Amino acid sequence: MTGSVLQLCPLLPSLETALSAHRTVRLFEQADGYLAEHGAEFTAAITSARIGVPDEVMDALPRLGAIVHFGVGYETTDVARARARGIDVSNTPDVLTDCVADLAVGGLIDVMRRLTAADRFVRRGDWTSTAYPLATKVSGKKIGVLGLGRIGRAIATRLTGFGVELSYHSRRPADGVPYRYVDSAVALAAEADALVVAVAGGEETRGLVSADVLAALGPDGYLVNVSRGSVVDEPALVAALTGGKLAGAALDVFAAEPEVPAPLLDLDSVLLLPHIASATTETREAMGELAFRNLDQFLTTGSLLTPVP
């Protein structure tokens with residue numbers, strides 16, 4: 001494929017080095033109006049899952065044939081709009097599954113056993129004057145996994161080692177899994193001690209973890225979210241946590257990142273993370289390598305290695 005590559009945002013240094021193999025233009029360093037003059041030069045775009053390709057940028061690229069995402073998410077790009085124009089879209093699945101699943105289980109353990117809250121307790125010097133309050137056991141609990149895709153399955157596999165009772169809800173029952181399927185998110189939450197959210201982002205799942213789901217999880221329940229902030233009704237979550245209607249939450253994602261609801265900042269019952277589920281050196285390098293392989297294959301053969309489903 002002839003044409004240049006449009007880079008929409010800063011990316012992993014090793015990926016940016018690899019991009020030098022092709023004529024790549026960093027859009028974020030160009031003056032306003034650059035695409036109006038040069039948009040027809042680009043046949044491929046590379047971006048992050050957080051930034052995507054906005055509609056106005058897509059519309060300014062008449063020869064665009066592929067959008068490559070660094071990340072598993074792609075809800076920031078209107079995929080239907082791209083496909084209507086014959087633009088292929090890729091992401092970086094699988095390579096981040098293990099790290100995201102590891103973090104989900106770590107977050108669950110942290111919030112139920114109150115590990116980081118206990119760390120703060122020690123650092124404040126409170127241990128010298130009082131005993132730390134009891135926490136909640138993880139092993140043997142009823143855990144609901146919302147979304148049994150690649151990451152959801154990896155989370156479930158890890159949790160089996162804790163002797164938990166696992167159930168799940170997805171758009172449809174999964175084949176070949178030993179976990180019990182539940183037909184709604186509310187029903188799943190109602191029978192769970194903790195709900196781990198691992199669905200894809202986007203309009204289809206916006207607000208899926210609603211006030212009703214949180215109410216069903218109840219004052220002794222815990223929420224772990226490693227998917228997207230949009231999946232959870234954030235005002236309802238804040239109200240539940242500040243009002244004692246939910247025991248705790250481990251949150252790696254938020255609705256308006258990097259903004260975090262102020263009422264959560266002082267709650268010891270909440271673990272707040274800066275969207276780091278895939279943030280290990282090994283995983284980010286693998287993501288960068290896969291993103292470049294997608295781009296390189298498209299520019300060489302016109303096809304993508306990991307097109308989004």
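The values are calculated or read from the model by the stated rules, or taken from the named source; none is laboratory data. A quick note: this is a predicted structure, and the numbers were derived from the prediction, not measured. In this analysis, Cβ positions are derived from the backbone assuming ideal geometry, glycine residues included, and neighbour counts consider all displayed protein chains. What goes into the accessible areas is simple: the full protein's heavy atoms, side chains included, and nothing from ligands, DNA or RNA. Shrake-Rupley method; radii C 1.70, N 1.55, O 1.52, S 1.80 Å.
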Alpha-carbon centroids, region 257-286 and region 188-214: separation in whole Å: 18 Å
Average accessible area per residue (Å²) across the chain - probe 1.4 Å, nucleic acids and ligands excluded: 47 Å²
For region 29-106 versus region 125-178, the gap between their alpha-carbon centres in whole angstrom: 33 Å
Cut-off under 5 Å, modelled amide H: who pairs with residue 42 long-range: 4, 63
log10 of Debye I(q)/I(0), alpha-carbon scatterers only, for region 1-122 at 0.12, 0.13, 0.14 Å⁻¹: -0.54, -0.60, -0.66
The chain - mean residue ellipticity at 222 nm from DSSP helices (-39,500 (n - 2.57) per run, n ≥ 4, rounded to 500): -9500 deg cm²/dmol
Most to least accessible of 102, 110, 212 (protein chains only, probe 1.4 Å): 212, 102, 110
Geometric extent, Cα atoms of the chain - Rg, Dmax (angstrom): 21.4, 70
Whether region 45-187 is rounded, prolate or oblate, judged on the alpha carbon gyration tensor where a/c under 1.5 counts as rounded: oblate
Length-normalised contact order of the chain in % [C-alpha pairs under 8 Å, at least 6 apart]: 18 percent
Global form of region 175-246, assessed from the alpha-carbon gyration tensor, a/c cut-off 1.5: oblate
Qualifying GluC sites (Glu not before Pro) in region 139-220, DSSP loop, other Cβ atoms within 10 Å at most 15: 191
Accessible area of residue 38 in the full protein assembly, 1.4 Å probe (Å², nearest 10): 50 Å²
Förster radius 35 Å - calculated FRET efficiency between residue 128 and residue 285 (Cβ-Cβ, nearest 0.05): 0.20
Positive-end residue of 190, 299, 240, charge dipole of region 156-309 with Cβ unit charges: 299
Dipole of the chain, positive end: most advanced residue of 129, 93, 288 [Cβ charges, Cα centre]: 129
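Of all beta bridges DSSP finds with both residues in the chain, what is the antiparallel percent, to the nearest 5?
5 percent
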Tensor-based shape of region 110-199 (alpha-carbon gyration tensor, a/c under 1.5 rounded, otherwise prolate or oblate): prolate
